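Q: This is the structure, below, for whatever I ask next.
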Ligand SMILES: NC(=O)c1ccc[n+]([C@@H]2O[C@H](COP(=O)([O-])OP(=O)(O)OC[C@H]3O[C@@H](n4cnc5c(N)ncnc54)[C@H](OP(=O)(O)O)[C@@H]3O)[C@@H](O)[C@H]2O)c1
């Protein structure tokens, strides 16, 4: 048996465990299991690895994507660049860290990306936003970061109140990398001036529950392209599977 799992805290229902358990069943993979490991402190990762000798791979979720880096023996270049790790391959007790959120974001973004989308507004400054920044830089898309508490001294970082008509007109890609709108707080949404949206815009939401957040609904009402976080989740999971088996 090969074991895989998810570390995070707390772990209520987990997309990953459901995804991999269904995948193993569907694809007739009988020698693999995927378990949830809710650890209350990241320091517990070392005892988890020694207690679970059959563990071959882990996914990492909130709040440990940054904290886990201190426990890695090797970091993939994307982990170094983003400062976040969501996938670990375990070989002979050594931990190799990867970031598959980046691949998940890039491939799902490209589904509806147009060549005209050369400027973006990126909402949020957490780990998910860092993965998005990495991809925007790679694709050569210019972006403005929007935060409730923008970093002083960072040129492209502004508050929600500073998102004006001119910026909304020039930036056709708007990415929500905050938890605003996520279940159970489905009535909330990022505070941007939605009245300036047009059918040239592309609204991308990393939130996947609900499938259509108010953010995406407001985009759809103006004829914008929309993409939720479901594809990103599935792509990052498959990318983890590829890494664990390579
Ligand atoms: N689909 C996927 O595969 C996938 C992958 C990763 C993450 N996600 C989702 O992406 C979202 C962000 O993830 P994360 O790990 O980066 O989370 P996070 O670190 O908890 O939050 C990201 C940022 O959002 C802003 N924020 C927090 N609460 C907010 C609120 N109520 N209203 C407006 N802004 C708020 C904060 O930035 P400021 O304080 O600077 O405003 C925070 O740094 C989550 O909903 C997560 O589930 C999805």
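Q: When you go through (1) within 30 Å of residue 219 (Cα to Cα); (2) surrounded by fewer than 19 Cβ atoms within 10 Å (Cβ to Cβ) one by one for residue 66, which number turns out not to apply?
A: The number of the failed condition is (1).
Q: Could you list, in sequence order, the residues of the range 181-202 that are exposed (fewer than 13 other Cβ atoms within 10 Å of the Cβ) and either outside any loop (DSSP other than H, G, I, E, B) or near the ligand (Cβ under 8 Å from one of its atoms) (or both)?
A: Keep residues of the range 181-202 that are exposed (fewer than 13 other Cβ atoms within 10 Å of the Cβ), which gives 183-185, 187, 195, 198-199.
Scanning the range 181-202 gives 185, 195.
Q: Go through 178, 152, 226 for me and flag whichever is surrounded by 18 or more Cβ atoms within 10 Å (Cβ to Cβ) and part of a loop (DSSP other than H, G, I, E, B).
A: Details: 152 fails: surrounded by 18 or more Cβ atoms within 10 Å (Cβ to Cβ); 226 fails: part of a loop (DSSP other than H, G, I, E, B).
Sole residue among the options that is surrounded by 18 or more Cβ atoms within 10 Å (Cβ to Cβ) and part of a loop (DSSP other than H, G, I, E, B): 178.
Q: Could you go through the range 208-223 and let me know if any residue there is in contact (Cβ under 8 Å) with a residue 40 or more places away in the chain and within 9 Å of the ligand (Cβ to nearest atom).
A: The answer is yes; a qualifying residue exists.
Q: Can you confirm whether residue 158 is within 16 Å of the ligand (Cβ to nearest atom) and touching a residue at least 40 places away in the same chain (Cβ under 8 Å)?
A: For residue 158, the condition - within 16 Å of the ligand (Cβ to nearest atom) and touching a residue at least 40 places away in the same chain (Cβ under 8 Å) - is not met.
Q: Looking only at the range 224-238, how many residues end up being farther than 24 Å from residue 200 by Cβ and more than 11 Å from the ligand (Cβ to nearest atom)?
A: The number of residues fulfilling the criteria is 1.
Q: Identify all residues within the range 108-133 that are within 13 Å of the ligand (Cβ to nearest atom) and either assigned to a loop (DSSP other than H, G, I, E, B) or under 12 Å from the mean Cα position of the chain (by Cα) (or both); write none if there are none.
A: Correct list: 108, 109, 124, 125, 126, 127, 128, 129, 130, 131, 132, 133.
No value in this document is a laboratory result; all are computed from the given coordinates. Remember, it's a predicted structure, so these values are computed and weren't measured experimentally. Note: ideal-geometry Cβ built from the backbone for every residue, glycine included; neighbour counts use all protein chains shown.
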